[in-house]
Amino acid sequence: PLCLCCALGPAAASAAATNILLLLMDDMGWGDLGAFGEPSKETPNLDQMAAEGMLFLDFYTANPLCSPSRAALLTGRLPVRNGFYTTNGHARNAYTPQDIVGGIPDSELLLPELLKKAGYTNKIIGKWHLGHRPQFHPLRHGFDEWFGSPNCHFGPYDNRERPNIPVYRDWEMVGRYYEDFKIDLKTGEANLTQLYLQEALDFISKQQASQQPFFLYWAIDATHAPVYASKQFLGTSQRGLYGDAVREIDDSVGKILKHLQQLGISENTFVFFTSDNGAALISAPKQGGSNGPFLCGKQTTFEGGMREPAIAWWPGHIPAGRVSHQLGSVMDLFSTSLSLAGLQPPSDRQIDGIDLLPVILQGKLIDRPIFYYRGNELMAVRAGLYKAHYWTWSNSLEEHSKGIDFCPGQSVAGVTTHTQEEHTCLPLLFHLGRDPGEKYPLSFASEEYQQAVEHISGLVQQHKATLVPGQPQLNVCDQAVMNWSPPGCEKLGKCLKAPESDPQKCSWPH
């Protein structure tokens, strides 16, 4: 990992007790905010946050799917290192449905565990998604408090054969989605975002009163299908129900930032807003967001699947109205948060995240690549404005023939393929400055191509030389864990029968 030794001035001197607030959205796209060009301009609070802070235009997740990207954020490590991947089929995404056996390994050091060393109180609000079994509970991995669920708000299910997904307060299960926490799939009405907002406001107030530094991980899931919003926001957006959900999130973020200001702790609280992966175009247009000018969406390693909206806000420290072209990653939130707390990253393991404070406070640009993985396959690499694809694939022809489309209306011949196409000898190369939509591969014969690919090939060799894959956590599911079988699971037996999977091992079928 890149090491930085630089004076950060007075802002860093007082950083030891800086509160940290990470706002992680679920399936929100790069093009969903007015600050990123969304035409209806329905996100005034997030746009104001960007105007008062720093907008990151080139910020990435570590995987185009929920569980692996969250594991990467909290460990600072690529999913292929921390175990959040499957080896059941080549370049297959996987996550943790209700009956997955794996989860975050004890060997991984999570951000809240490390922040405890600096006296932080840590809370997660919303979706955990790093394993369901007791050993994977967030309070076993550094969090002091939790209000939310181990999974998304899927359902409703038959409560005898398939229990609805549980909601927890700390160690206690306090109910289930659709039963105790209502979601009306016909109207989209649910009060969950308001509950998550109030949890955040109460926690911040409590920590301010106790003079304890805090880490709040606000991981709400309102923009994940089935999309929901509370009654006061339903029908208020030009963008339909999805827009209603975005408007409620925007309103909630505005209230959280205002609360920090009213308590007089905004200058001592670093806030970062982003999403876990690109908008789910499989749910569009009614239940999915916008990835702006980028190709495809969630599940893919094209730009639409992995480039995220991102805003840093820290009044009195970040100069207002800044726009950064730094190549950033959710894994950088791990290293940056440790830096804010005056802590060093663990030295006994490879950390993929970098400390963004020199970028945020001084406007520096740090030269670093972005690695795009699906499963344990390196699909693409970005360096500077160039992106080289070593494999291209949207999804299987079998899935596509059933109407599952990760790139609706965006077919690019030879790029958005339904078979896995290998380009390791002659990578497909795009210049993302001239061609953000990845529509026009550069000519193999051009000098520009040869120079860029030679540089990126060196980065790939260097990366692979240090790569020690973790034990895959997402290979096996067991219905006995939750006493039900999700769609795609055999009624009896111990694994998901998914396309291209080993019949003895299996992962969620995407």
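Read-outs: derived from the displayed coordinates by stated rules, not from any lab. Small disclaimer: the values here were computed from a predicted structure and weren't measured. Every residue, glycine as well, gets a Cβ built from its backbone with ideal geometry; the counts of neighbours run over all protein chains shown.
A few remarks follow.
- Pairwise centroid distance, computed over Cα atoms, of segment 388-408 with segment 61-121, Å: 24 Å
- Taking a ≥ b ≥ c as the square roots of the Cα gyration tensor eigenvalues, segment 35-86 comes out prolate, since a/c reaches at least 1.5 and a/b is larger than b/c.
- Ratio Rg/Rh [Cα only; Rh per Kirkwood] for segment 117-168: 1.07
- Annotation for segment 152-187: GluC sites (Glu not before Pro) lying in DSSP loop with at most 12 further Cβ atoms inside 10 Å of their Cβ are E161.
- Counting DSSP beta bridges with both ends in the chain, the antiparallel % (nearest 5): 50 percent
- Flagged links, alpha-carbon separation over 29 Å, of K127/K186; K286/K464; K402/K464; K41/K439; K182/K286: K286/K464; K402/K464
- Prolate/oblate/rounded label for segment 324-470 (Cα gyration tensor, a/c 1.5): prolate
- Against the set (i) 24.3; (ii) 21.9; (iii) 25.4, the structure's computed mean projected area of the Cα convex hull in nm² falls on (ii).
- Counting only Cβ charges, +1 for Lys and Arg and -1 for Asp and Glu, the dipole size of segment 73-172 around its Cα centre is about 260 debye.
- Potential extension, R169-A465 segment - 0.36 nm per residue separation minus Cα distance: 102.3 nm
- One decimal place: the segment A413-H325 gains 28.8 nm when fully extended, by the rule 0.36 nm per residue minus the C-alpha distance.
- Trypsin sites (Lys or Arg not before Pro) within segment 364-411: DSSP coil, no more than 15 neighbouring Cβ in 10 Å: K364, K402
- Given 13 as the ceiling on other Cβ atoms within 10 Å, longest exposed-site-free region of the chain for chymotrypsin sites (Phe, Trp or Tyr not before Pro) in DSSP loops: 172-443
- Mean residue ellipticity at 222 nm, helices only, the chain: -6500 deg cm²/dmol; runs of at least 4 DSSP H residues each add -39,500 (n - 2.57), and the sum is divided by the number of residues.
- Only Lys, Arg, Asp and Glu carry charge here, each on its Cβ (+1 for the first two, -1 for the last two); on that basis the chain has a dipole of about 400 debye about its Cα centre.
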